[in-house]
Amino acid sequence: MTDESILPSSLEREGTGRESVELSTDALHVAAAALLQRGYRLALVAALDGRRTMRITYLFTSGPPDRRVELAVEVSRRRPEIPSLADLSFPASRFEREMHDLFGIVPLGHPFLRRLVLHQHWPEGWYPMRYDAGPVPAMVDDAGSYPFVEVQGAGVYEIPVGPVHAGLIEPGHFRFSVVGETILKMKARLWFVHKGIERLFQGQSTDEGVVLAERISGDSAVGHGLAYCMAVEEARGIEVSPRTRELRCLLLELERLYNHVADIGALCNDVGFGLANARALTLREQLLRLNASVTGHRLLRGAVTPGEVHLRSLPGTDELAEIGERFHDLVELARGQSTVIDRFTGTAVLNAEDAAALGVLGVVARASGSTLDARVAHPMIGSIPGFAPVRAETGDVLARFDVRVEEVEASLDMVADYCTRSGPVVSSHRALGRRAHQTSSGNSTGVGIIEGWRGSIVHRVEVDNAGRLARVKVVDPSFFNWPALSLALADTIVPDFPLANKSFNLSYAGNDL
């Protein structure tokens with residue numbers, strides 16, 4: 001069996017857009033390998049319990065030009081088994097572990113099939129995403145400890161941190177194996193705040209789902225809300241106007257601005273330079289107030305709905321110029337301190353080969369040499385004049401700092417450009433077109449991909465004939481990036497963990513769906 005006999009020739013045509021291919025389980029591995037060899041990445045794996053059978057959809061993406069290929073297989077509910085793709089892709093191995101926890105689907109040949117999402121206190125044999133899962137059962141009281149891999153040797157000791165932390169942050173457990181102050185291995189245990197987000201979407205109307213999407217990860221309200229709306233629009237055949245796309249791009253850059261500015265200040269704070277952090281926090285407050293004037297909400301909620309965008313006003317050119325000047329002064333202050341640069345340089349290095357193997361996204365990937373950016377690979381409004389993805393080569397904390405700095409400058413330029421374009425601040429073009437993609441059960445499907453401030457956010461939705469959500473699969477870039485933090489910490493000293501962690505600044509909530 002060859003990939004030529006499985007994958008349609010249309011995949012090679014530019015402008016193909018999104019293709020769906022129904023496969024047998026025997027053909028899945030060959031088809032996935034062929035797409036990965038052609039430069040696609042595995043962006044998402046979504047399972048759906050269809051009562052009689054289960055369907056698993058693998059979304060592969062590449063760009064530019066924007067291409068999206070879905071491989072779909074069906075398996076029996078009585079014996080839900082698929083061939084593992086773990087030998088082809090590290091992200092695939094984690095998606096498979098997630099499916100096994102939530103649906104009971106067994107990836108045959110997986111090299112390390114143990115729980116990922118459900119902790120040891122969840123009872124065996126209960127799969128919360130099955131249609132007949134029923135109420136949440138009682139937790140297991142006498143469950144054993146999580147089987148962390150133990151590093152042994154002379155002078156090796158362990159430092160457990162979390163899941164409850166001293167600060168007002170979300171829960172995560174970090175297990176350090178250390179010699180002296182040098183970290184040999186760090187294992188992160190997450191999913192302490194698994195909320196069943198994807199199950200909560202089911203049965204809601206497509207308009208009701210926006211509220212939930214915006215709250216997946218509070219600092220990415222636009223990112224998740226917009227990816228969801230774009231997926232719904234594709235599923236329902238809604239065509240949005242160019243003005244709607246422009247205003248949405250503006251909101252994405254405003255979200256990127258306030259988060260990157262906060263991270264730049266926090267990185268300085270983690271090496272003891274509190275003055276830079278104080279200035280960054282005052283600048284972040286100015287940006288949050290700007291958000292409120294533009295949308296009515298400091299975190300930009302409520303502005304994007306399927307087919308529509310609603311703003312109150314556009315940012316003023318004078319205020320944008322002032323923000324730019326204040327940001328320039330902040331960066332000069334930080335870069336002028338040898339303490340900052342010395343601590344950033346060479347700390348928590350993630351090399352390009354490891355970044356590619358793990359499939360990392362966003363700032364973390366571009367600081368390790370990648371050029372992947374959904375604003376270019378999967379553009380909403382075509383090419384952005386003068387824009388190219390910011391990248392660095394060294395993969396250390398300094399590289400991640402520098403990428404953020406340059407992305408802030410690029411975002412300010414883009415926001416200023418969008419504000420000069422004429423048009424209304426409310427756009428509600430909702431023409432219904434043809435639904436291009438449907439499953440064998442009749443559900444209409446859609447995919448939304450945007451470049452959030454952490455990296456590419458992907459939503460895939462299925463809408464039934466009654467206009468209700470049958471399935472929503474969410475992938476935050478943190479799902480891809482958390483394993484890379486552990487790798488980057490090898491040979492880093494324990495006191496630099498907060499700095500390294502902040503340079504990644506991953507979402508617990510976006511990961512622990």
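Where a number appears in this text, it was derived from the coordinates with a stated rule and is not lab data. Quantities reported herein were computed from a predicted structural model and do not represent experimental measurements. Cβ sites come from the backbone with ideal geometry, for glycine too, and all protein chains shown count toward neighbours.
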For the range 344-359 and the range 173-199, what is the separation of their C-alpha centers, rounded to whole Å? 18 Å
Computed FRET value (nearest 0.05) for T339 with V164, which takes r as the C-beta separation and R₀ as 25 Å: 0.20
HN-Hα J couplings of the range 153-158 from phi, Karplus 6.51/-1.76/1.60, θ = phi - 60°, integer Hz, Gly and Pro as x? x, 4, x, 7, 9, 10
State the extension gain, in nm to one decimal, for the chain segment bounded by T371 and R421, taking 0.36 nm per residue of separation less the distance between their alpha-carbons. 15.2 nm
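Net charge near E150, counting Lys/Arg +1 and Asp/Glu -1 over other residues with Cβ under 13 Å of its Cβ?
Result for the local shell: +2.
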Label-point separation in nm, F90 to Q204, each point 7 Å along Cα→Cβ: 3.3 nm
Cut-off under 29 Å on the C-alpha distance; same-chain residues fewer than 8 positions from K185 excluded. Which lysines are left, in chain and number order? K195, K502
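Do any GluC sites (Glu not before Pro) in the range 192-260 lie in a DSSP loop with no more than 14 other beta carbon atoms within 10 Å, and if so, which?
Sites meeting the loop and neighbour criteria: E208.
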Using θ = phi - 60° and the Karplus curve 6.51 cos²θ - 1.76 cosθ + 1.60, what whole-Hz ³J(HN,Hα) does each residue of the range 360-376 get, with Gly and Pro shown as x? 5, 10, x, 4, 4, 5, 5, 6, 10, x, 6, 10, 5, 8, 4, 5, 9
Given Cα pairs under 8 Å that are at least 6 residues apart, what percent is the relative contact order of the range 98-214? 17 percent
For G109, what is the net charge nearby, where nearby means another residue's Cβ is under 14 Å from its Cβ and Lys, Arg count +1, Asp, Glu -1? -3
Percent RCO, i.e. relative contact order, over the range 375-513, from Cα pairs under 8 Å lying at least 6 residues apart: 16 percent
Can you tell me the relative contact order of the chain? Whole percent, Cα pairs under 8 Å, sequence separation 6 or more. 18 percent
Considering all projection directions equally, how large on average is the shadow of the alpha-carbon convex hull of the chain, in square nanometres? 24.1 nm²
Listed highest first by mean packing, meaning other Cβ atoms within 10 Å per residue, what order do 130-143, 110-123, 80-93 come in? 80-93, 110-123, 130-143
Given the -39500 (n - 2.57) contribution per DSSP H run of 4+ residues, what per-residue ellipticity at 222 nm results for the chain, rounded to the nearest 500 deg cm²/dmol? -12000 deg cm²/dmol
Could you work out the Kirkwood radius for the range 373-485, taking every pair of different alpha carbons, averaging 1/r and inverting it, reported in Å? 17.4 Å
